[in-house]
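Asker: Input: one structure, supplied below.
The values are calculated or read from the model by the stated rules, or taken from the named source; none is laboratory data. None of these values were measured; they are calculated from a predicted model. Positions of Cβ are backbone-derived with ideal geometry, glycine not excepted, and every protein chain shown enters the neighbour counts.
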Amino acid sequence: MPSPLGCYTKLQWFMMRAQHSKSETGTSVKVHDRLYINGQWTAPHSTRVHEIINPATTQVCAVTPLANEADCIQAIDAACEALPKWSQTSTQERSHFITAAADEMQRRADDLADAITMTMGCPRHLCPNLQVLGSIAAFRSYAERAKLMDQVEERNGIHILKEPVGVCTLINPWNYPLSILVGKTAPALAAGCTVIVKPAEQTPLQDFIVAEVFEKIGLPPGVFNLVTGIGPEVGPVLCAHEGVDMVSFTGSTRAGVHISESAAPTIKRVCLELGGKSPLIITEDAELETAVRYGVQDVMMNTGQTCSALTRMLVPESRYEEAVSIAQRVAEENVVGNPLDPTTTMGPLCSEAQKETVVDYIHQGIQEGARLVTGGHHMPPGMTHGAYLPPTIFADVTNQMRIAREEIFGPVLCMIPFKEVDEAVQLANDSVYGLSSAVFAKTTDEALAIARQIRAGQCFVQGAHFTTEAPFGGYKQSGNGREWGDEGLLEYVEVKAVLTH
Ligand code: ADP
């Protein structure tokens, strides 16, 4: 029988392959039986495999190998062996590979979107814009940014050179599985690093496509290696092995702590993109409809599974009830449903387990005395199965409640009243997190003045939107290091000073 983790022995797996090349609903099951190591599709040492569940149908949609320690070491060895040559390639050569990979990803854009929709439930018609095309454009941008590596600064006879940090383990989550893979892989390769990539258990399929892309364009063996496995099992090997120079991780603060502990004895560089509980401050004379609509849409996007989501909306008491009713209206405009239906704006959560986590928080909010304005813990109307939840708004939330302090990672917005802007800034900063933030005020200058007081890695002013051109990363327990933009590349750089006299 499968274990609770969805693991099978190899024998069971082959029986399943023979018996269930189609799932119970008649849809085909994508079977991967190889890891991508040293430029080869390599049979795993492990005897176990993992079943991937489509959260909309709750059926198995794919099967992947579960790597073990020997597989991880093989991948690390391959990356170590490839490093000396790859790190010495010219930036033009690396740019060429990055551009070729972006072109090939573009050709596979539909496959990438299908894979993401199937495994994490993002509505298929939204998936290209939300998950795929921007990621490919961002990948391409690092072909140009690779040239930053050639910049040599000279200070009084001291030459400051940029060199690649080395072999990098890249561990990714399931909410934006391609984008976050790109945000690490593209700058790492541009800098001249070699990588071992481990996707989240729930969403590995786009990583297999990206490995196929690198195979097709002839990326040298060992530069990009893919292992699939259970985080707490393979993580300690991938993060502790002395051949690894750096770990870049996006995911929960809990896993980030484990990863830092694994990496500490060998003093690896560790870049962490962790949780958030980001505030949106709306001032008394801001354009309320625009501001509240922006905040609600930001939270409900990707079914609330965005680490930088603006999940605490801080609203002046004088306009609070007006804001609550706008928020309710905007939330209820969402169409929750089958991700393959082109009218759907909110698909399921990524998994039944994630849905249970969110349901627990909704119960918690009600127990804590918050006012449930819309949504809740029941299945949305018309849905009978799948990891679905309705968009949920809580009003009368205090910043002390657990729903205001902990990351829920679901479609749940907390609306918190304040009297003065100073109090709003204090509430915004009263969090262990500091990933993102936003401000709506009457004028941009007023909003900028507030933005400067918020301790978070990003601040979106007057309705600005996310871009991979801007450095992204956290203050406090939201992590360290930055991704995207030039700063995303510099994360993978060692600085060498060459002294000439
Ligand atoms: P969630 O709890 O939502 O699944 P995680 O932070 O646990 O989020 O998962 C994000 C990624 O981190 C996944 O690829 C997962 O396999 C990995 N992971 C989880 N725990 C560890 C760990 N102890 N060491 C390394 N990676 C881990």
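Asker: P342: assigned by TED's automatic domain parsing to the domain that holds Y388 and in contact with a His (Cβ under 8 Å, 6 or more places away or on another chain), yes or no?
Answerer: yes
Asker: If A441 satisfies every condition in (1) under 22 Å from the mean Cα position of the chain (by Cα); (2) more than 25 Å from L148 (Cβ to Cβ); (3) surrounded by 22 or more Cβ atoms within 10 Å (Cβ to Cβ) but one, which is the exception?
Answerer: That leaves (1) as the condition not met.
Asker: How many residues does the range 83-114 contain that are of a type in the set (S, T, N, Q) and either in contact with a strand residue (DSSP E or B) (Cβ under 9 Å, 6 or more places away or on another chain) or not assigned by TED's automatic domain parsing to the domain that holds L219 (or both)?
Answerer: The total comes to 1.
Asker: Okay, next question. Filter the range 344-371 down to the residues that are over 19 Å from M118 (Cβ atoms) and away from the ligand (no atom under 16 Å from the Cβ) and list them by number.
Answerer: Residues satisfying the conditions are I362, H363, Q364, G365, I366, Q367, E368, G369, A370, R371.
Asker: Among the listed residues V292, V296, V247, which satisfies the condition of being buried (at least 23 other Cβ atoms within 10 Å of the Cβ), within 24 Å of I393 (Cα to Cα) and touching a residue at least 40 places away in the same chain (Cβ under 8 Å)?
Answerer: Criteria check complete, one pass: V296.
Asker: Here's another thing I want to ask about it. Of everything in the range 239-257, what is β-branched (V, I, T) and in contact with a Pro (Cβ under 8 Å, 6 or more places away or on another chain)? Give them in sequence order.
Answerer: Result: T250, single match.
Asker: Can you tell me which residue in the range 364-384 is surrounded by the most Cβ atoms within 10 Å (Cβ to Cβ), limited to those that are at positive phi and at pLDDT 95 or above?
Answerer: Among those residues, the one meeting the criterion is G375.
So that you can scan it fast, the table gives a plain yes or no per residue for (1) in contact with a helix residue (DSSP H, G or I) (Cβ under 6 Å, 6 or more places away or on another chain); (2) of a type in the set (A, V, I, L, M); (3) within 16 Å of the ligand (Cβ to nearest atom); (4) not assigned by TED's automatic domain parsing to the domain that holds P348:
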{"site": "D245", "(1), (2), (3), (4)": "no, no, no, yes"}
{"site": "S252", "(1), (2), (3), (4)": "no, no, yes, yes"}
{"site": "P265", "(1), (2), (3), (4)": "no, no, yes, yes"}
{"site": "M300", "(1), (2), (3), (4)": "no, yes, no, no"}
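Asker: If the requirement is being over 17 Å from N334 (Cβ atoms), part of a loop (DSSP other than H, G, I, E, B) and not hydroxyl-bearing (S, T, Y), which of these qualifies: G410, G376, G386, G457?
Answerer: G457
Asker: Run down A449, A470, A424 and say which single residue is surrounded by 23 or more Cβ atoms within 10 Å (Cβ to Cβ) and either free of Cβ contacts under 8 Å to residues at least 40 places away in the same chain or assigned to a helix (DSSP H, G or I) (or both).
Answerer: From the options A449, A470, A424, the qualifying one is A424.
Okay, residues lined up against (1) within 13 Å of the ligand (Cβ to nearest atom); (2) surrounded by fewer than 24 Cβ atoms within 10 Å (Cβ to Cβ); (3) touching a residue at least 24 places away in the same chain (Cβ under 8 Å); (4) closer than 26 Å to M118 by Cβ:
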| position | (1), (2), (3), (4) |
| --- | --- |
| V182 | no, no, yes, yes |
| A188 | no, no, yes, no |
| A191 | no, no, yes, no |
| E215 | no, yes, yes, yes |
| V227 | yes, no, yes, yes |
| G231 | yes, yes, yes, yes |
| G235 | yes, yes, yes, yes |
| E261 | yes, yes, no, no |
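Asker: Just a yes or no: is a residue in the range 141-162 among the small types (G, A, S), within 30 Å of M301 (Cβ to Cβ) and away from the ligand (no atom under 16 Å from the Cβ)?
Answerer: The answer is yes, given that some residue of the range 141-162 is among the small types (G, A, S), within 30 Å of M301 (Cβ to Cβ) and away from the ligand (no atom under 16 Å from the Cβ).
Asker: Give, as residue ranges, the strands (runs of 3 or more DSSP E) completely inside the range 129-179 that count at least 3 residues that are buried (at least 21 other Cβ atoms within 10 Å of the Cβ).
Answerer: 167-171
Asker: Being of a type in the set (G, A, S) and farther than 27 Å from R482 by Cα is true for just one of A441, A424, A404, A428. Which residue is that?
Answerer: Being of a type in the set (G, A, S) and farther than 27 Å from R482 by Cα holds for just one of A441, A424, A404, A428, which is A441.
Asker: Among the residues of the range 199-213, how many are touching a Leu at 6+ places or on another chain (Cβ under 6 Å) and within 12 Å of the ligand (Cβ to nearest atom)?
Answerer: Residues meeting the conditions: 1.
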